[in-house]
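Step one of this worksheet: look at the structure below.
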């Protein structure tokens with residue numbers, strides 16, 4: 001005889017079983033998820049900014065407007 005496990009998902013922070021479709025199991029885990037999301041967004045913006053600066057420096061140095069005379 002097989003045991004039927006009801007449809008469920010897991011908390012993205014602590015991996016406890018939660019109702020299907022929920023992402024977190026408690027307000028504490030939801031707060032941690034919000035904090036992680038903000039950190040990820042911030043680090044992605046910094047990465048894109050650094051890439052833009054690097055590309056700008058490359059383009060300006062290639063055209064001769066920036067860098068060695």
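The values are calculated or read from the model by the stated rules, or taken from the named source; none is laboratory data. What you see is a predicted model, and the numbers here were worked out from it, not measured in a lab. Here the Cβ is made from the backbone with ideal geometry for all residues, glycine too, and neighbour counts use every protein chain on show.
Numerical summary
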read-out: Any chance residue 18 is surrounded by 12 or more Cβ atoms within 10 Å (Cβ to Cβ) and in a strand (DSSP E or B); value: yes
read-out: Condition met for residue 35 (at pLDDT 95 or above and surrounded by 12 or more Cβ atoms within 10 Å (Cβ to Cβ)); value: no
read-out: Some residue of segment 30-50 being touching a strand residue (DSSP E or B) at 6+ places or on another chain (Cβ under 7 Å) and touching a residue at least 12 places away in the same chain (Cβ under 8 Å); value: no
read-out: So residue 43, is it surrounded by 12 or more Cβ atoms within 10 Å (Cβ to Cβ) and not in a loop (DSSP other than H, G, I, E, B); value: no
